Amino acid sequence: MIEKLSEMFELQERLNRRINENWRQLRTEEDFARATWIECAELVDSLPWKWWKKQEPDMENVQIEVVDIWHFIMSYILLKNPLPQALESEAVKLFMKGVNEDFTHLNIDGAKINHYLGETDRYKKIVYLTERVAESFLKQDLEEGSFFFGLLVKNTISMERLYLLYIGKNILNHIRQEKGYNEGSYKKTINGIEDNRYLLQIVNQVSDKNQLEKKLKELFNHIHQ
């Protein structure tokens, strides 16, 4: 998994540079913290938390939001720890502890972990973890936020699918930039379907990143004609 983590961080660095070569001079920890907790809110809205109306959980969109959060957490880590040091950072170590449900040698409030362990409802557990990620980033605590994000990944998506979806979203983000996302001319909804849904359709059809890149580029070149 370290090779895939390294690849994701390298791709995130390239994407950030494509958006702006001087991104480290322009962006702040607060920028990435804010982007993270806002994405957390979008994730929660994909789950049935509204007691006053009927809601169906949208776990595919939950996974998309998890990947979006991962973009901003990686960027936050990269801002503080350029490659290759990022992979050895405390935030990455705590992220992997969360993924592996390793609760040893943690400087994190035990009551929060006990609440997590005691929650039996799947959707409430995911909401709880997402709120802990948001809470951590509201106070710009990268390490605690990375740990709870690891637990969130553990409960929503496999690491293999996180990797494949991240690769797909990274390709899509480059397509967005090519087609005017930064200038405001890119249309996220095509033929009544959001581009993330097209991405999910392709991810569900492929088994490796080479197939993914080929099919995504073919699809988006076709639908943007």
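No value in this document is a laboratory result; all are computed from the given coordinates. Source: prediction; values computed, not measured. When we count neighbours, we look across all protein chains shown, and the Cβ atoms used for this are built from the backbone with ideal geometry, even at glycine.
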Where does each of GLU60, GLU178 land when they are ranked from fewest to most other beta-carbon atoms within 10 angstrom?
GLU178, GLU60
Hey, can you rank 38-45, 188-195 by average C-beta count inside 10 Å, highest first?
38-45, 188-195
Please go through segment 1-88 and write out the chymotrypsin sites (Phe, Trp or Tyr not before Pro) that DSSP classes as loop and that have at most 14 other C-beta atoms within 10 Å.
TRP49, TRP51, TRP52
Could you state the number of Å between the C-alpha centres of segment 1-80 and segment 158-225?
16 Å
Counting every Cα pair in segment 160-223, what percent are over 16 Å apart?
40 percent
Picking from LEU26, ILE190, LEU151, whose Cα lies most toward the positive end of the charge dipole for the chain (charges on Cβ: Lys, Arg +1; Asp, Glu -1)?
ILE190
Along its principal axes, what span do the Cα atoms of segment 1-83 show, with the longest given first and each in whole Å?
46, 29, 19
Putting +1 on Lys and Arg Cβ atoms and -1 on Asp and Glu Cβ atoms, find which of ILE202, LEU165, PRO57 reaches farthest to the positive end of the dipole of the chain.
ILE202
In whole Hz, what ³J(HN,Hα) sequence does segment 172-180 give by Karplus (6.51, -1.76, 1.60; θ = phi - 60°), x for Gly and Pro?
4, 5, 5, 4, 4, 5, 4, 9, x
Two-decimal log10 I(q)/I(0) for the chain, as the Debye equation yields it once each C-alpha is a single scatterer, q = 0.09, 0.12 Å⁻¹:
-0.37, -0.66
Any idea what angle helix 90-99 forms with the longest principal axis of the chain, computed on alpha-carbon atoms, 0 to 90 degrees, nearest 10?
80 degrees
